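J.: The structure under discussion is supplied below as structure tokens; questions concerning it will follow.
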Amino acid sequence: MNKKLIYITVLVAFCPLFLSCNNANQRNDNKVVNPSKAKQEWAIVIHGGAGVITREKMTPELDKQYRESLTEAMNVGKKILSEGGSALDAVEKTINMMEDNPLFNAGKGAVFTHDGKNELDAAIMDGSNLAAGAVAGVTDIKNPITAARCVMTKSVHVMLSGSGASQFAKEQGLEIVTPSYFYTKRRFNELQEILKKEKMGTVGCCALDKNGNLAAGTSTGGMPNKKYNRIGDAPIIGAGTYANNATCAISGTGHGEYFIRWTVAHDISALMEYKGLSLKDASELVVNGKLVKAGGSGGVICVDKSGNISMPFNSEGMFRGFATADGNGGVFIYKDEK
Ligand code: ASP
């Protein structure tokens, strides 16, 4: 009887300690936001590419420019979502801002192919009905993500490529530019040193709106020095882009060939749907487990139906940011940042 009493006393005394250790672990987790709190009314998460992005390789000016540009783009989506707009609008308009910004490898400022051209890929997906649209290898559409959305809503196809995609975009009244629009000499020279070593700067956005709908989008110039009209993971649904209201919305950035072969975005969703994994566990398993084992570098941003956000990457850095309805948020670049 006495022994039992001692046992219970010890258990009661130490129980708060175990619980507080657990909470401390959750607080220290720097990749997941809102792990167990109430559902967010809306949420947005963005990326501006992953790669060997370290403090040593960045100048303070470039660091500042990236943070300002990420914030500026995210504010567009935040406004749309907080005013009750759709996740799809938030994703498209946020990505438009980054496509127009020469800092990123999407739209203006895209990296160059082996032949000195800019060939752009983009995809968007609506998690409410699994509708999707993509364009690949386009050379004269100013905002490929908008073209991707038109493919989704105004065509019977999912992916259009090259000159056919341009013709379709023209018919839809989208802005067509001369291919030289994407080239900026000043930015080209300024970023040449980084870009020729790094495959970074792809942009992506995922959002949850007040109606509980999820959407994901990705836009990129692809890998620098690419050949033979190579197409990456960004426009491939299930590889670099995926959204499903039942699970989450995902946009990836990194070595596209690996994202295609490991069907990264859909794998994360499937782990949640079929195995019941949390957003954090599913995205960590794929990015820091499977991809690392395979030798595929990069990262993803994702948001689930409750507004939880996860931004795992296995490279040295990833331009990224998030905002949720409860006022939480921020932009980050390096590995050691929240
Ligand atoms: N994933 C893109 C591609 O392979 C490149 C990147 O994200 O940097 O085309």
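The values are calculated or read from the model by the stated rules, or taken from the named source; none is laboratory data. Quick caveat: nothing in here was measured; it's all calculated off a predicted structure. Counting neighbours? That spans all protein chains shown, and the Cβs are built from the backbone with ideal geometry, glycine included.
J.: Here's a check for you: in region 76-101, which residue that is more than 16 Å from the ligand (Cβ to nearest atom) and in a loop (DSSP other than H, G, I, E, B) is nearest to Cys302 (Cα to Cα)? Quick ask: steps written out before the conclusion?
T.: To start, the set of residues in region 76-101 that are more than 16 Å from the ligand (Cβ to nearest atom) comprises 76-94, 96-97, 100.
Add one more test, that the residue is in a loop (DSSP other than H, G, I, E, B), and what stays is 83-86, 100.
Details: Glu83: 22, Gly84: 20, Gly85: 19, Ser86: 17, Asp100: 23 Å.
Here the residue is Ser86.
Here is a yes/no grid of residues against (1) without any contact (Cβ under 8 Å) to a residue 40 or more places away in the chain; (2) crowded, with 24+ Cβ neighbours inside 10 Å:
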position	(1), (2)
Ala270	yes, no
Lys275	yes, no
Asp281	yes, no
Val287	yes, yes
Val292	yes, no
Gly298	no, yes
Ile309	no, yes
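This table checks each residue for (1) surrounded by fewer than 22 Cβ atoms within 10 Å (Cβ to Cβ); (2) touching a strand residue (DSSP E or B) at 6+ places or on another chain (Cβ under 8 Å); (3) not in a helix (DSSP H, G or I).
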residue: Ile53; (1), (2), (3): no, yes, yes
residue: Ser69; (1), (2), (3): yes, yes, no
residue: Lys108; (1), (2), (3): yes, no, yes
residue: Met152; (1), (2), (3): yes, yes, no
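J.: Follow-up. Please go through region 152-165 and give me each residue that is farther than 10 Å from Gly133 by Cβ and under 25 Å from the mean Cα position of the chain (by Cα), ordered by number. Please lay out each step first, then the result.
T.: From region 152-165, those farther than 10 Å from Gly133 by Cβ are 156, 161-165; that's our starting set.
Within region 152-165, Ser161, Gly162, Ala165 meet the criteria.
J.: Among the residues that make up region 114-121, is at least one of them part of a strand (DSSP E or B), under 18 Å from the mean Cα position of the chain (by Cα) and within 13 Å of the ligand (Cβ to nearest atom)? Reasoning before the result, please.
T.: At the first step, the residues of region 114-121 found to be part of a strand (DSSP E or B) are 120-121.
Pick out the ones that are also under 18 Å from the mean Cα position of the chain (by Cα) and you get 120-121.
Going one step further and asking which of them are within 13 Å of the ligand (Cβ to nearest atom), we end up with 120-121.
Looking for residues that are part of a strand (DSSP E or B), under 18 Å from the mean Cα position of the chain (by Cα) and within 13 Å of the ligand (Cβ to nearest atom), one finds at least one in region 114-121, hence yes.
J.: I need the full set of residues from region 203-215 which are within 14 Å of the ligand (Cβ to nearest atom) and either of a type outside the set (Val, Ile, Thr) or at pLDDT below 95 (or both), in order please.
T.: Correct list: Gly204, Cys205.
J.: Another one. With Ser283, Ser278, Ser310, Ser297 as the choices, which residue is touching a helix residue (DSSP H, G or I) at 6+ places or on another chain (Cβ under 8 Å), farther than 25 Å from Asp209 by Cβ and at pLDDT 95 or above? Spell out how you get there, then give the answer.
T.: Working: Ser283 fails: farther than 25 Å from Asp209 by Cβ; Ser278 fails: farther than 25 Å from Asp209 by Cβ; Ser310 fails: farther than 25 Å from Asp209 by Cβ.
Residue meeting the stated conditions: Ser297.
J.: Does Asn314 meet the test of being polar (S, T, N, Q) and farther than 20 Å from Val203 by Cα? Outline the logic, then answer.
T.: Values: polar (S, T, N, Q): yes; farther than 20 Å from Val203 by Cα: no.
Taking the combined requirement at face value, the residue does not satisfy it.
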